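These notes concern the structure reproduced below.
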Amino acid sequence: MLHSQVRALAFKEIEPVLANHFGMPVEKIFSRFDHEARAAGSIAQVHMAELSGGKPVVVKVQRPGVEKILIEDLGVLYFLAELIERYIPESKVFRPVTVVNEFARAVDLETNFVIEANNIRRFQENFANEPNIKIPHVYTEHSGRRVLVMEALEGKPLSQKNALAQGGIDPEAVLKTGLRCYLKMVFTDGLFHGDLHAGNMFVLPNNRIGLVDFGVVGRLNGVTQAAIANMLVALAAEDYDRLAFEYVDLAPYTDHVDVDLFARDLRDLIAPYYGLTMKHVNVGRLLLESTEIAARYDLMLPSELIMFFKSIVAIEGMGRAIVGDFNFLAYSLEFASELVQSRTEPRKIMRDFSALGRDFQSLFAVFPRQTKQLIRRVSSPDFALPIEIREFEKFRLTVRNSARTIFWGLVIASLILSAAILFSHYRGP
């Protein structure tokens, strides 16, 4: 994650990382290398350079010692998360240790530039036929785990105030291009940029846009894509029952959810904002708050869904910077509706039936063998059917405690009776 406001390290501090990566001084690889960083973040910083052939590039360099620092920080986070779960029972619904696990996985991916280079390749393939979207080329022969060399984009990042003031730029067209790009990632490709803030989107000539920083990406399967589409449609229609059921269907099965109460809580959260535009409400933040409600109902939602909601927050921030009265939901509904409708198309139905046929074919292939094994097991003289009664253990403990109480009651009663008899005997008539 790179932001221009983070203090960059001096070149002499990152030069050992470059020398270790290339195995030679940077002058042997680049005809020009700017010692002053263009942008910096907690994990890496970017320098402008030119390859020996004169091609302008950006060089993303990992900060020295950052992996050791992250490991130490993660150790502290794990320690705190375990303490919170152990001593604050109410926190278990938010699964602090699981959250730290997800964070650790994301950090591991973000600090490995080989993974980022592969992510960029995937996005290049997905947008190969989109002339308005530019994904920079990666020079894999110069890149590795700690250094990433990419093509330099000719535009300006949206975070710069004059990015939309360039000649021939139409802000409204840029906004629509960016949104179509993002929604294509979500609803068509199932692979979306997980950190799409204004600094990672470049405004290029002819209202084109370029994307950078692919360290964090989200992946969506068909089920989650359809659920997201249904969620957006449900939000637009104020159908909170449908929204609640989408959450329930995405989470692992549990029979402890009162869907009616869950839908009511979602309505209480979202309904007061219905119809308001971006000036008044952020849809992404509302959806993130709705996941907190889901957690209270013990629903474990997929991490990629949470990442999607977070990405909406960034998209809405960019939309607000371009068009003050921006409404993300209105723009996205067209794509969501198309996806919902596409699930009923004949081709889609035939593909689903084909997949179902393959599953049944696999089932029938193993069914006779599994049935034979079951019959042999039941016919065995040692066969026993285990039955578990969940409340039986509590009942057993109750009976045992009651028996102890009765036993000690009888002992005490016997002692009292014996004492009374002895007292009466020694007292005499």
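A short reminder: the numbers here are calculations on the coordinates, not readings from a lab. Keep in mind that this is a model prediction, so the values were computed, not measured. Here the Cβ positions follow ideal geometry from the backbone for every residue, glycine too, while neighbour counts run over all protein chains shown.
Which loop GluC sites (Glu not before Pro) in region 1-62, with loop taken from DSSP, have no more than 15 other Cβ atoms within 10 angstrom of their Cβ? Present the calculation step by step, with values, prior to reporting the outcome.
Values: sites: Glu13, Glu27, Glu36, Glu50; in loops: Glu36.
Of the GluC sites (Glu not before Pro), the ones in loops of region 1-62 whose Cβ has at most 15 other Cβ atoms within 10 Å are Glu36.
Leu51 to Glu102: FRET efficiency via 1/(1 + (r/R0)^6), r the Cβ-Cβ distance, R0 35 Å, to the nearest 0.05?
0.40
Loop only per DSSP, at most 14 neighbouring Cβ atoms within 10 Å: give me the chymotrypsin sites (Phe, Trp or Tyr not before Pro) in region 33-112, ordered by residue number. Show your work: numbers first, answer last.
Details: sites: Phe33, Tyr78, Phe79, Tyr87, Phe94, Phe103; in loops: none.
Hits after loop and neighbour filter: nothing returned.
Set the bar at 20 Å for Cα to Cα. Now go through Lys161/Lys310; Lys156/Lys310; Lys156/Lys184; Lys12/Lys60 and name every pair that lies beyond it.
Details: Lys161/Lys310 24 Å; Lys156/Lys310 24 Å; Lys156/Lys184 23 Å; Lys12/Lys60 15 Å.
From the list (Lys161/Lys310; Lys156/Lys310; Lys156/Lys184; Lys12/Lys60), the Cα-Cα distance tops 20 Å for Lys161/Lys310; Lys156/Lys310; Lys156/Lys184.
DSSP loop (so not H, G, I, E, B), at most 15 other Cβ within 10 Å: list which GluC sites (Glu not before Pro) in region 54-159 pass both filters.
Working: sites: Glu67, Glu72, Glu82, Glu85, Glu90, Glu102, Glu110, Glu116, Glu125, Glu141, Glu151, Glu154; in loops: Glu154.
Passing both the DSSP loop test and the Cβ count: Glu154.
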